[in-house]
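Worksheet: one structure, shown below.
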Amino acid sequence: MALHKIFKIIGIVLGLLGVVFMAMLLTGNESAQDYLIYIGYIVFAVTLVMVVLFVLKGVFQGDIKKTLISLGVFLAIILVSYVLADNTPMQLPDDGGMTSETGSKWVGTGLYTFYILAVVAVGLMVFSGFKKITNR
């Protein structure tokens, strides 16, 4: 529980710094923008560290077999998405440049991964609702 208190104190300090720099920004101080960007980087780093620590803690306390199976299924979905993705370069709307074949392939992979995971999530919600209705 001590780790939770440390992160809570860090969060409060960063929140107060953000309020101070926001007030500086609203009063017209231009250098406050740089400080807000650094605060954003710090918050991102602290959040990333917290997530990694708590995920690793949960993995080692729980069933590692289920975790590895879930990770394998997720990687299989990414592999299927990569195979389905098209690698045709696309015209970018703003600067008029072209995406590379690799960039286009990975964008398509991300989209297909999202679509597959969204369909699975909706399907599981419908199945869960149906199961609750039939069990009553």
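Values quoted throughout were computed directly from the atomic coordinates according to the rules given, and no laboratory measurement underlies them. This one's a predicted model, so the numbers in the text were calculated from it and none came from an experiment. Glycine also receives a Cβ, built like all others from the backbone with ideal geometry; neighbour counts cover every protein chain displayed.
Each residue of the stretch 50-60 was assigned a 3J(HN,Hα) from its phi angle through the Karplus expression (A = 6.51, B = -1.76, C = 1.60, θ = phi - 60°), giving 4, 4, 4, 4, 6, 5, 5, 4, x, 5, 6 Hz with x at Gly and Pro. Label sites at residue 34 and residue 22, each approximated as a point 7 angstrom past Cα along Cα to Cβ, lie 2.3 nm apart.
Based on Cβ point charges of +1 for Lys and Arg and -1 for Asp and Glu, what charge dipole magnitude is obtained for the chain about its Cα centre, in debye rounded to the nearest 20?
For the chain, the charge dipole is close to 1140 debye.
Only one residue of 106, 43, 118 has its Cα farthest out toward the positive end of the dipole of the chain, where Lys and Arg carry +1 and Asp and Glu -1 on Cβ, and that residue is 118.
Charge dipole of the stretch 63-136 (Cα centre as origin; +1 on each Lys and Arg Cβ, -1 on each Asp and Glu Cβ, all else neutral): 760 debye, rounded to the nearest 20.
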